[in-house]
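Report on the following structure.
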Amino acid sequence: MAIIREKAYSNSPVNIVLLQTTGMIKTIILSVTLFTCLATLAQKPCSSPVYRQFDFWIGEWEAFGNNGQKAGDSKISLILDSCIILEEWSSATVNRGLRYAGKSFNTYNAATKQWQQTWVDNAGGSNEYLLGKFENNQIIYTSLSFPFSKDTMALRKMTFTNLSPVKLRQHGEISKDNGVTWSTEYDLEYRRKK
């Protein structure tokens, strides 16, 4: 019955205006919905400037110790829609038949407002730095307290300093007195590969 009534009154001026208005409203709603979806898709989840603070590390590097000897090679890539900085490390030397290698995943945690790194290697080791901040052209990571030996708890700190577009420093330190004093575990100068 509704179909018959609609046909009977479809040519009335009121009905034509209602149909035109309804069509315009549908077009506006569709346009707004489409625009919102496209805007959301165009903006990647990790596109705010805070996620780009550590981009100075991205690239391919040779790392050298304080003695001038090459320590290893490191390839740093941006992955997972620019949310993760992936490190792929390989040492320059072989020790006991093993070329030490490892990977780290670095990201900014928006919930805690901290940079974080998780490291794993081919020697069965791992480190986790849940406290990280960017200041003075540096990323400074600090671990939570962990058992170093039977009677000793320790903290680790790792600082990446952006020295120039072709050079940076990675300084690893350990504290066995809850951060009062620190001793160097390694100190590397990264030189960008050409």
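Odds and ends about this structure:
- Spans of strands (runs of 3 or more DSSP E) in region 100-194 with at least 2 residues of a type in the set (Lys, Arg) and touching a strand residue (DSSP E or B) at 6+ places or on another chain (Cβ under 9 Å): 152-164, 167-175, 183-192
- When 112, 93 are screened for being exposed (fewer than 14 other Cβ atoms within 10 Å of the Cβ), more than 21 Å from residue 190 (Cα to Cα) and more than 10 Å from the chain's Cα centre (by Cα), only 112 passes.
- Among (1) over 19 Å from residue 64 (Cα atoms); (2) small (Gly, Ala, Ser); (3) surrounded by 14 or more Cβ atoms within 10 Å (Cβ to Cβ) - the single one residue 125 does not satisfy: (3)
- Inspection of region 186-193 identifies no residue that is among the aliphatic types (A, V, I, L, M) and more than 16 Å from residue 64 (Cα to Cα).
- Test: residue 33 is more than 18 Å from residue 162 (Cα to Cα) and modelled with pLDDT under 95: yes
- Enumeration of residues in region 127-186 that are among the aromatic types (Phe, Trp, Tyr) and under 21 Å from residue 109 (Cβ atoms): 129, 134, 141, 146, 160
- Leading residue by the ranking (nearest to residue 127 (Cα to Cα)) among those in region 144-186 that are touching a residue at least 40 places away in the same chain (Cβ under 8 Å) and surrounded by 15 or more Cβ atoms within 10 Å (Cβ to Cβ): 158
- Number of residues in region 86-123 that are closer than 20 Å to residue 142 by Cβ and among the hydroxyl-bearing types (Ser, Thr, Tyr) equals 5.
- Of all residues assigned to region 128-143, none qualifies as being without any contact (Cβ under 8 Å) to a residue 40 or more places away in the chain, over 30 Å from residue 46 (Cα atoms) and surrounded by fewer than 18 Cβ atoms within 10 Å (Cβ to Cβ).
The values are calculated or read from the model by the stated rules, or taken from the named source; none is laboratory data. All of these numbers come straight from a predicted model, not from anything done at the bench. Virtual Cβ from ideal backbone geometry, glycine too; neighbours counted across all protein chains shown.
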